[in-house]
Amino acid sequence: MTSSPELTFNDGNTIPQLGYGVWQVEDDVAEKVVRQAFDAGFRHIDTAKIYGNEAGVGRAIASSGLSAEEIFITTKLWNADQGYESTLEAFEKSLDRLGLETLDLYLIHWQQPKQEKYVDTWKALIELKKRGRVKSIGVSNFTKEGLQHIIDETGVVPAINQVELHPFFNQAELREFNASKGILTQAWSPLGQGGELLESATIAEIAAKHGATPAQVVIAWHLAIGNVVIPKSVTESRIQENFAALDVTLDATDVEAINSLDRGAEGRIGPDPAVSDFA
C-alpha cells in the first residue's frame, strides 16, 4: 500500500503530509469513517474539541488494531478554553475523549486577537510539550502578526500553522512567511468545499491529462507545493480516491496553472483570523 510522505517539523518530529479531516462529522459517524480512512491508508487524523467527535475518533483508534506509533493524531483547543490553566484542563479532557496517553500535535484553534489570551495559551502548550503530554505544538488560523507575537514573547516557534488554503485562496504570502520561520503550512478546506473549484476548466484539463479526478488534482497540488493537507469525506469511495491522490504527480506547468486560479482575499470562504473572535 502507498503511504503518505512525511514532513519534518522544526522540533525534529514528523507528520504525514496527507491526512484525513473530520470537521462536520457527527460523533456516531466518526468511528466508521475514520476506520475507513485507516483502511484506505491514512494514518494522520485531524480533529478538534469543537467538532464534537474526539470520542468517535478515539473509538476508531481503539478498534483499529494500529499502534500509537503507526498513527498521528491532531486535536485543537477551542476558543472558549483559551488561557493558561483552562488550556491545561481542556487538553486533558481532549486526551481522555481520544483515549490516548499522549498526543502527536495540539493546536490553538483560532488566534482570537481581541481576547488577547493567545500568548498565555501558547505558554500552556509549551508547558504541555515540556511535560511530555504532547509531542509537537502549533497553531491554526494565525496571521503573520500573531505568529511573530508568540515567537517574540516565548522564543518558541510553532511547528505548524493550519489555515484555510485552496487554489482560489492559496495564501502564498503567509506560506512564504511560515517557511521563513521554519513553520509548516497545513490546509483546511483544501478542496475549497468543492463546487466551483472542482468544476474549474483548468482543473478538469489537468485531471484529464493525468487520468485523475479533479479532487485528486487539487490534493496533488497541495502536496506539490509542500502543504500538509487534510481532505474530508464521509463517502468510502471518495476517502479511497483522496488517498490515491498520492499517485498523481503534477509537473511545474500544472502547478503554475493551478497557482493562477488564486483570487486573493476574494477567494476566502471562512472567517478572517485577523478580525474574527467567536466563542
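The values are calculated or read from the model by the stated rules, or taken from the named source; none is laboratory data. Remember, predicted model here, so these are calculated numbers, not experimental data. So basically every Cβ, Gly included, is an ideal-geometry build from the backbone, and we count neighbours across all protein chains shown. Surface accessibility is based on the protein's heavy atoms, side chains included, excluding ligands, DNA and RNA. Shrake-Rupley method; radii C 1.70, N 1.55, O 1.52, S 1.80 Å.
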Exercise. When you scan the stretch 25-53, how many residues do you find that are touching a residue at least 40 places away in the same chain (Cβ under 8 Å), farther than 19 Å from V139 by Cβ and charged (D, E, K, R)?
Worked result: 1
Problem set entry | Which numbered condition A257 fails, given (1) assigned to a helix (DSSP H, G or I); (2) open to solvent by 40 Å² or more (accessible area, probe 1.4 Å) | (2)
Exercise. When you scan the stretch 152-204, how many residues do you find that are on the phi < 0 side of the Ramachandran plot, in contact with a Ser or Thr (Cβ under 9 Å, 6 or more places away or on another chain), among the polar types (S, T, N, Q) and buried (at least 20 other Cβ atoms within 10 Å of the Cβ)?
Worked result: 4
Exercise. Does L223 satisfy the condition of being over 18 Å from S189 (Cα atoms) and open to solvent by less than 70 Å² (accessible area, probe 1.4 Å)?
Worked result: no
Exercise. Could you say whether any residue in the stretch 35-42 is in contact with a strand residue (DSSP E or B) (Cβ under 6 Å, 6 or more places away or on another chain) and closer than 30 Å to E145 by Cα?
Worked result: no
For this session: Mind telling me which of the residues E69, E116, E92 ends up being surrounded by fewer than 17 Cβ atoms within 10 Å (Cβ to Cβ) and at pLDDT 95 or above?
Result: E92
For this session: Output the number of residues of the stretch 4-30 satisfying the condition of being more than 27 Å from G132 (Cβ to Cβ) and open to solvent by 60 Å² or more (accessible area, probe 1.4 Å).
Result: 4
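Of the residues A55, A80, A62, only one is closer than 20 Å to Q162 by Cα and either assigned to a loop (DSSP other than H, G, I, E, B) or open to solvent by 10 Å² or more (accessible area, probe 1.4 Å) (or both); which? Quick ask: steps written out before the conclusion?
Details: A55 fails: closer than 20 Å to Q162 by Cα; A62 fails: closer than 20 Å to Q162 by Cα.
Every option except A80 fails the conditions.
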For this session: For residues that are touching a Lys or Arg at 6+ places or on another chain (Cβ under 9 Å) and crowded, with 24+ Cβ neighbours inside 10 Å, tally how many sit in the stretch 120-135.
Result: 0
